[in-house]
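Dropping a structure here in structure tokens format, bear with me for questions.
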Amino acid sequence: MKNPPIARCRDWTDCLLLLSAEAAPACDTALTDARLQHVAAVSGAWYLWQAGLLPEPMDETACVWVIGAERLDAGLGPGLARLLGLSGLRSIDIGPRAEGAGACRGSLDTCARDLPLPAVAFCFHPGLEVHPDLIGPGLERLLAGGVPVIGASYSIDEYERDAWVAGLGRLRLSQPVSNPWALDPGNTGLEWGAWMWHVEALPEAGLHRPDPAEVARVRLLSEMVAHSRLQGLWPQPAPPGSSFLLPQRGGGQREMIHVFDGYYLDPASRRVYAVDGGRLVPTETRVPEALAAAWPRDAGDMPRNLWAAEVKRRCLLQNPD
């Protein structure tokens, strides 16, 4: 299956013609609806092909799983089969809220224990900071059996949070790839399937459940990012927790840390600064000494992001609880 039909799709019109016996709809609204109906199958087929993850052999007897299936990705089997040049393909939706005939209404651990392994498993937008239980025996069985596990993220920052939680469980995600078939169904500025990736090989030491306390820190970061988006403050002027050197009038430089949403911390005085008229202006807020001292200067982007989220929650929000 070196050149499946998805490889010949140049645009959505090509894909829709392939997926339907009828001509692709000419009306933009109808076209958008048809795109949404097939976005999971098209994205999944495209990624399997371009990443070289198509199982060999793969025929009509194969089965695919959709872990945590929701409205846009449930029951993607028929569309995926057409895009891969197969006459049929069975898909099983996995999860406690899975619907439809043949769904496995249980946890991934339970379903992976009770069902034969699939040829491919999809887990679009897993939100691992909310669902860390996905990292466990069920996923371990899939990876040990050589099953490709494909995921997707709305944004790079969502991917980075998933990758961090995966790392807490000894998993490693591949580098994300921009998906040309991604769609924004709600005009939110976030595209379904924007970045595609897969889980890399099972580590020799196996998987373990991520530390709940560390997962809670990632969940807080996700909440703080969502708050910033709702306030129209995303993207940020600088990565949360990053620092820069500010020249001083009398000579020398002062290090400043961007916390979140255009607020900055002077680590020497622990005072928070806001931007007013293009200038940094001190506020009445000071960051607690222990929290300021915990800034992970050299620990990498994600640890600094996590620290900044805690500072935002404790020091920048009017009602942090």
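Bear in mind that the values in this text are calculations on the coordinates, not laboratory data. Quantities reported herein were computed from a predicted structural model and do not represent experimental measurements. Don't worry about glycine lacking a Cβ; one is built from the backbone with ideal geometry, like all the others, and counts go over all protein chains shown.
If you put +1 on each Lys and Arg Cβ and -1 on each Asp and Glu Cβ, how big is the dipole of region 5-210 around its Cα centre, in Debye rounded to 20?
Here the size comes out at about 320 debye.
Now a separate question. Placing +1 on the Cβ of each Lys and Arg and -1 on the Cβ of each Asp and Glu in region 5-210, which of C111, I150, L84 has its Cα farthest towards the positive end of the resulting dipole?
Farthest along the dipole direction, towards plus: C111.
Please give the contour-minus-distance gain from R8 to R279: 0.36 nm per residue of separation, less the Cα-Cα distance, rounded to one decimal in nm.
Extra length available between R8 and R279 comes to 92.2 nm.
Then there's this: Please work out which option in (i) 139; (ii) 151; (iii) 173 gives volume of the Cα convex hull per residue in Å³ calculated from these coordinates, and answer with its label.
Only one listed value fits the structure, namely (iii).
Further question: Along Cα→Cβ, 7 Å out, is where each label goes; now give me the distance between the ones at L245 and V177 in nm to one decimal.
It works out to 4.1 nm between the two label points.
Suppose the chain between R229 and D184 were pulled fully straight at 0.36 nm per residue; how much longer would it get relative to their current alpha carbon spacing?
Extra length available between R229 and D184 comes to 14.7 nm.
Given the peptides 289-299, 169-179, arrange them by the average over their residues of other C-beta atoms within 10 Å, most packed first.
For the peptides 289-299, 169-179, the packing ranking is 169-179, 289-299.
Where the centroid of each part is defined by its Cα atoms, how far is region 90-156 from region 241-319 in Å?
About 40 Å separates the Cα centre of region 90-156 from the one of region 241-319.
Quick one: length gained pulling A144 to H208 fully straight, 0.36 nm per residue minus the C-alpha distance?
21.6 nm
Can you put R82, R90, R249 in order, fewest other beta carbons within 10 Å first?
Result, fewest neighbours first: R249, R90, R82.
Can you order the peptides 261-271, 122-132 by their average number of other Cβ atoms within 10 Å per residue, highest first?
122-132, 261-271
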